[in-house]
1. crowded, with 21+ Cβ neighbours inside 10 Å and not in a loop (DSSP other than H, G, I, E, B) - does that describe any residue in the stretch A:37-44?
2. Applying the selection to the stretch B:59-78, what residues are surrounded by fewer than 24 Cβ atoms within 10 Å (Cβ to Cβ) and within 12 Å of another protein chain (Cβ to nearest Cβ)?
3. Of the numbered conditions (1) within 18 Å of residue A:5 (Cα to Cα); (2) outside any helix (DSSP H, G or I), residue A:68 fails exactly one; give the number of that condition.
4. So which residues in the stretch A:186-210 are under 17 Å from residue A:153 (Cβ atoms) and surrounded by 10 or more Cβ atoms within 10 Å (Cβ to Cβ), if there are any at all?
5. Could you please give the count of residues in the stretch A:166-175 that are at pLDDT below 90 and surrounded by 14 or more Cβ atoms within 10 Å (Cβ to Cβ)?
6. State all residues of the stretch A:88-124 that are at pLDDT below 90 and out of contact with any helix residue (DSSP H, G or I) (no Cβ under 8 Å at 6 or more places or on another chain); if no residue qualifies, say none.
7. For the stretch A:66-83, which residues satisfy the criterion of being touching a residue at least 24 places away in the same chain (Cβ under 8 Å) and exposed (fewer than 13 other Cβ atoms within 10 Å of the Cβ)?
């Protein structure tokens with residue numbers, strides 16, 4: 001069952017039919033016989049690859065190529081120009097423009113399929129690389145943010161010897177937990193340690209003893 | 001089925017090579033025959049178009065028509081027609097309309113003989129009775 005779509009753009013009907021015959025077993029085929037028709041088609045269907053005839057009336061293959069590349073959502077689609085074997089001197093122009101490759105008339109079925117297959121595989125790998133790259137960039141930003149936070153807790157931090165408040169960069173004395181919260185992802189839950197618990201209990205007892213009606 | 005290429009008397013190139021067309025269509029005889037049948041009208045249209053472009057001295061249109069005929073002829077295996085169309089395309093690019101005037105009768109002649117060859121070709125194997 002074909003899953004990938006190829007758009008073939010050529011004004012010569014027999015060429016289109018021969019190309020379609022060579023590719024339709026493996027791919028879904030969209031056909032356009034002019035640049036305008038191709039652009040209309042691309043407004044609602046995005047193929048995985050485009051085979052584009054160069055010499056067409058009104059809008060030639062190069063002009064259509066430029067229009068396609070101006071559309072960001074179509075910008076990455078591989079485009080293979082279709083040309084006659086005799087016109088190989090014009091290939092430099094297409095390749096310089098950014099075309100992926102050329103397919104020559106008369107169409108050799110094995111070569112046509114291999115070129116299409118190879119460029120689709122390259123395109124898939126490129127998309128995978130771009131996705132991985134985006135993931136890596138995201139991770140890198142997170143890492144940089146984390147590193148920045150860790151760095152803020154480095155170095156010599158002025159702390160009050162008695163109340164343990166910390167003096168920040170703006171010379172403001174802050175509670176220790178507030179300072180750590182502001183300079184890291186750490187949060188605090190409140191509890192009481194056994195030593196402090198013992199002190200508190202003793203303090204409560206002392207207070208009760210000191211009250212005259214506590215007897 | 002006529003599978004042997006026919007050679008034009010005045011041209012060293014093969015007029016029509018049905019085996020090349022069949023190879024291109026991977027042995028699909030019926031589809032090859034369909035393409036051949038449709039190519040007849042296309043060749044006639046292109047020749048008429050070339051004559052009209054030449055009469056109106058339109059080198060750009062001549063170039064386009066010759067180029068498209070060349071590609072189509074190459075695909076169906078009409079090798080002599082392809083070679084002739086290529087010559088006209090080259091002259092049209094060079095704006096050499098005088099040369100094209102000289103070349104057109106030869107192209108017409110080759111087209112006529114190619115069409116004769118195509119019309120006499122049956123690529124579909126006989127169905128078992």
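The values are calculated or read from the model by the stated rules, or taken from the named source; none is laboratory data. These numbers were taken from a predicted model, which means no experiment stands behind them. Cβ placement follows ideal geometry from the backbone for every residue including glycine, while neighbour counts extend to all protein chains displayed.
1. Going through the stretch A:37-44, the residues crowded, with 21+ Cβ neighbours inside 10 Å turn out to be A:38, A:42.
Add one more test, that the residue is not in a loop (DSSP other than H, G, I, E, B), and what stays is A:38, A:42.
Scanning the stretch A:37-44 turns up at least one residue that is crowded, with 21+ Cβ neighbours inside 10 Å and not in a loop (DSSP other than H, G, I, E, B).
2. We begin by selecting, within the stretch B:59-78, every residue surrounded by fewer than 24 Cβ atoms within 10 Å (Cβ to Cβ); these are B:59-61, B:63-64.
Residues satisfying the conditions are B:60, B:61, B:63, B:64.
3. It fails just one condition, (2).
4. A:186, A:188
5. Applying the first criterion (at pLDDT below 90) to the stretch A:166-175 yields A:168-170.
Within this subset, residues satisfying the condition of being surrounded by 14 or more Cβ atoms within 10 Å (Cβ to Cβ) are A:168.
Final tally of qualifying residues: 1.
6. The answer is A:88, A:89, A:90, A:91, A:92, A:95, A:96.
7. Keep residues of the stretch A:66-83 that are touching a residue at least 24 places away in the same chain (Cβ under 8 Å), which gives A:66-69, A:71, A:73-74, A:76-83.
A:66, A:73, A:76, listed by residue number.
Let's see how each residue does on (1) touching a strand residue (DSSP E or B) at 6+ places or on another chain (Cβ under 9 Å); (2) farther than 23 Å from residue A:106 by Cα; (3) free of Cβ contacts under 8 Å to residues at least 40 places away in the same chain:
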| site | (1), (2), (3) |
| --- | --- |
| A:15 | yes, no, no |
| A:22 | no, no, no |
| A:30 | yes, no, yes |
| A:34 | yes, no, yes |
| A:44 | no, yes, yes |
| A:64 | yes, no, no |
